[in-house]
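What follows is one structure encoded as C-alpha cells, with my remarks underneath.
The values are calculated or read from the model by the stated rules, or taken from the named source; none is laboratory data. Please read all numbers here as calculations on a predicted model, not as lab measurements. A quick note on method: Cβ atoms are made from the backbone with ideal geometry, for glycine too, and the neighbour counts reach across all protein chains shown.
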Amino acid sequence: MNILTQRRRRIFVKEKPLQNAPSFDNYYYKEVASLAGAGGWRIDFENKESYLDPEARTILGVPMNYKASLYKLLEFYVDGEHKQKATELFQSCGKGVAFETIIQMQTYDKIPFWVKATGRPSYTENGEISGIHGVFIDIDRRKIKEIALENSLKTIEHQNERLKNFAHIVSHNLRSHTGNLQLSLEHFAMTNDTTLLEKKELLRGLSDIAANLNETITHLNELVAINTEKIDVRKTVNIQEVYARVSQTLKNEIEESKADIFVDFTEFPEVEYVASYLESILQNLLSNALKYKDPNRNTSIQICTYLDDDDRGCLLIKDNGVGIDLAVFGNRIFSMYQTFHSNSNATGVGLYMTRNQVESLGGTIEVESVPDKSTTFTIRF
C-alpha cells in the first residue's frame with residue numbers, strides 16, 4: 001500500500017462516524033441544521049445514487065416524492081456561470097479536490113438564492129474515492145446586503161469623482177474666466193487714448209468671456225439639477241415616443257449626414273424613468289454618432305432596447321463612425337471637458353452629462369469602440 005493510499009485510509013478512519021453519531025433523522029441534528037439554514041447532500045459513485053437530507057429538501061422546496069440524481073442536483077444551480085462553476089467543482093471534487101465557494105442556487109420553483117457551499121470527496125477503507133458529499137448554507141440575506149453595500153460604495157466613488165470634477169470646474173474654469181474678465185477690464189480702463197476700433201475689439205473680447213462664463217455656469221447648474229432632482233418624478237416612459245422627439249430635433253443633422261438609422265424597441269418598449277433624462281441621453285448619443293461619422297462610408301446607426309441575462313432593460317446605440325481609441329482615452333471618456341477628435345463643435349460635456357443622468361437613476365453606461373470602425377454605448381437602466 002503506497003503512502004498516499006495509507007494517508008487517505010487514515011483520513012477515512014479518522015473521519016469515520018462514531019457508532020452513536022446522529023443520523024439525518026436525529027432531532028438535534030435537524031434542529032442545528034434548521035437553525036443554521038444548512039442542507040446536506042451526498043453523491044454515491046459506487047451505487048450511482050444521490051441524496052438530499054431533510055433540511056436540504058426544505059430549503060430547495062422539493063416535493064415529497066422527489067428522487068435526487070447528479071443531473072438533477074445541477075439543476076438547482078442558476079443557469080450560466082453558476083451552473084458551469086458547480087459542474088467544474090463537482091468534477092474536481094470527484095478527483096479528490098475539496099471546495100468551498102459562494103454560489104447562486106435556485107429552488108425547485110426556480111427562485112434564486114445565494115449559498116455558501118462546501119464539498120469533500122468520500123473514501124472507501126482502501127482509500128478509493130467512492131463519492132462526494134457536502135453542505136450548503138443559505139446566506140441570501142447576507143449576500144444581498146453585501147451586494148447592496150458594494151453598489152453603495154461604487155455610488156459613493158462616482159459621487160466623489162463628480163465632486164472632484166465639480167471642484168475642478170469651479171477652481172480652474174471659473175477662475176480662468178474671471179481672470180480674463182479682470183484683465184480685459186483693466187485694459188479697457190486704460191483705453192482713453194486708444195482708437196474706437198481697439199475699443200470695439202476689447203468689447204468683443206469681453207462679450208466672448210461673458211458668453212463662456214455663462215456657458216460654464218449653465219453646465220454647473222445642469223450638474224446640480226441632475227444630482228438633486230427627486231427620483232419620484234419617474235414615470236412610465238415610452239422609448240419610441242422619446243426617440244421620435246429626438247429624431248425630430250436632430251432632423252437636419254440626420255438628413256445632412258444621410259444616415260441609415262435602424263430602430264427597434266419591441267423587446268423593451270417602456271421604462272420607469274425621468275422622461276427629460278432619457279430624451280437628453282438619446283439626443284447626446286445620437287448626436288455624437290452623427291457628428292463623428294466616417295466620411296469614407298455611409299453612416300449606419302443602430303438603436304435598440306433588449307433584456308439582458310438578468311432581465312434588466314438595456315438601451316444600445318451603435319454606429320460605424322470614426323471610433324475612439326479606448327487604450328488612450330478610456331479612463332477619460334466620461335470626464336468633463338474631454339474631447340477626443342478635432343471636431344470644432346465638440347464641447348466635452350455631453351458624455352459627462354449622460355453618465356451623470358444614467359447613474360443618478362441607478363443605471364450604468366458602458367462603451368466599446370474600435371478606431372475607424374465602430375462605437376457602441378450600452379445603458380443598463
Flag if PHE377 is within 21 Å of the chain's Cα centre (by Cα), surrounded by 13 or more Cβ atoms within 10 Å (Cβ to Cβ), at pLDDT below 75 and assigned by TED's automatic domain parsing to the domain that holds LEU278:
no
Could you list, ordered by first residue, the pairs with Cβ atoms under 9 Å in which the first is in segment 43-68 and at positive phi and the second is not β-branched (Val, Ile, Thr), at least 6 apart or interchain?
LYS48/SER69; LYS48/LEU70; GLY61/TYR108; GLY61/ASP109
Based on what the data block shows, is LYS251 in the same structural domain as PHE377 (by TED's automatic domain parsing), at pLDDT 70 or above, of a type in the set (Lys, Arg) and farther than 24 Å from VAL358 by Cα?
yes
Quick one: is ALA68 part of a helix (DSSP H, G or I) and not assigned by TED's automatic domain parsing to the domain that holds LEU361?
no
Among the residues of segment 278-332, what is the count of those that are touching a strand residue (DSSP E or B) at 6+ places or on another chain (Cβ under 6 Å) and either part of a helix (DSSP H, G or I) or at pLDDT below 85 (or both)?
6
Condition first: out of contact with any helix residue (DSSP H, G or I) (no Cβ under 7 Å at 6 or more places or on another chain) and not in a strand (DSSP E or B). Now tell me which residues in segment 104-123 satisfy that.
ASP109, LYS110, ILE111
State whether the residues of segment 9-19 include one that is at pLDDT below 85, surrounded by 11 or more Cβ atoms within 10 Å (Cβ to Cβ), among the basic types (Lys, Arg) and part of a loop (DSSP other than H, G, I, E, B).
yes
Members of segment 297-315 that are in contact (Cβ under 8 Å) with a residue 60 or more places away in the chain and surrounded by fewer than 17 Cβ atoms within 10 Å (Cβ to Cβ):
ASP308, ASP309, ARG312
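One line per residue, one yes/no per condition, for (1) within 22 Å of ASP53 (Cβ to Cβ); (2) assigned by TED's automatic domain parsing to the domain that holds ALA86:
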residue	(1), (2)
TRP114	yes, yes
ALA117	yes, yes
GLU125	no, yes
SER130	yes, yes
HIS133	yes, yes
LYS154	no, no
Mind listing whichever residues of segment 259-277 are assigned to a helix (DSSP H, G or I) and surrounded by fewer than 19 Cβ atoms within 10 Å (Cβ to Cβ)?
ALA275, SER276
What pairs can you find where one residue is in segment 95-106 and under 12 Å from GLY134 (Cβ atoms), the other is of a type outside the set (D, E, K, R) and at pLDDT 90 or above, and their Cβ atoms are less than 6 Å apart, with a gap of 6+ or different chains?
PHE99/LEU89; PHE99/CYS93; PHE99/GLY119; GLU100/THR118; THR101/ALA117; ILE103/HIS82; ILE103/ALA117
